[in-house]
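What follows is calculated from the coordinates using simple rules that are stated; it is not laboratory data. Predicted model only: the values in this text are computed from it and were never measured. A quick note on method: Cβ atoms are made from the backbone with ideal geometry, for glycine too, and the neighbour counts reach across all protein chains shown.
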Amino acid sequence: MAERTIQQYADPENLKIDDMSNIRTIEDLREAIRDLEHQNYVNEQHMRKKVAQIADKLKPVNLLKTAVGNIFGRSEARTTLWRMAAGIVTSFVVKKFFRKGAIAK
């Protein structure tokens, strides 16, 4: 269970979980402890980096950018937006044209 937790959050490229059954001497134990302490340091740095990335994504400005990008980034939304803009511009031009024509008569 603990191994799965470590693998879930650890940097997958630097993950080193070895079988500890080959430790025979005090020097082997010290080396294993050094390896585990180093792995712990690497995992902490990886998790800090992940937390910083998540915190950056949760900033209000970035949430807004993501929401706008999701809404207007789709091709259907862009097509609909362009049609709406074209309709508004056409309506504006037609109203201006007919008002001037009505005033001139």
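Full extension of the segment from Q53 to V93, taken as 0.36 nm per residue of separation minus the current Cα-Cα distance, would add 9.6 nm. Backbone phi angles across region 80-96, fed through the Karplus curve with coefficients 6.51, -1.76 and 1.60 (θ = phi - 60°), yield HN-Hα couplings of 4, 4, 5, 5, 4, 4, 5, x, 5, 5, 4, 4, 4, 5, 5, 4, 4 Hz in residue order; Gly and Pro are listed as x.
Residues M47, M84, arranged from fewest to most other Cβ atoms within 10 angstrom of their Cβ, appear as M84, M47. Stretching the chain fully between A86 and N70 yields a gain of 3.6 nm (0.36 nm per residue, less the alpha carbon separation).
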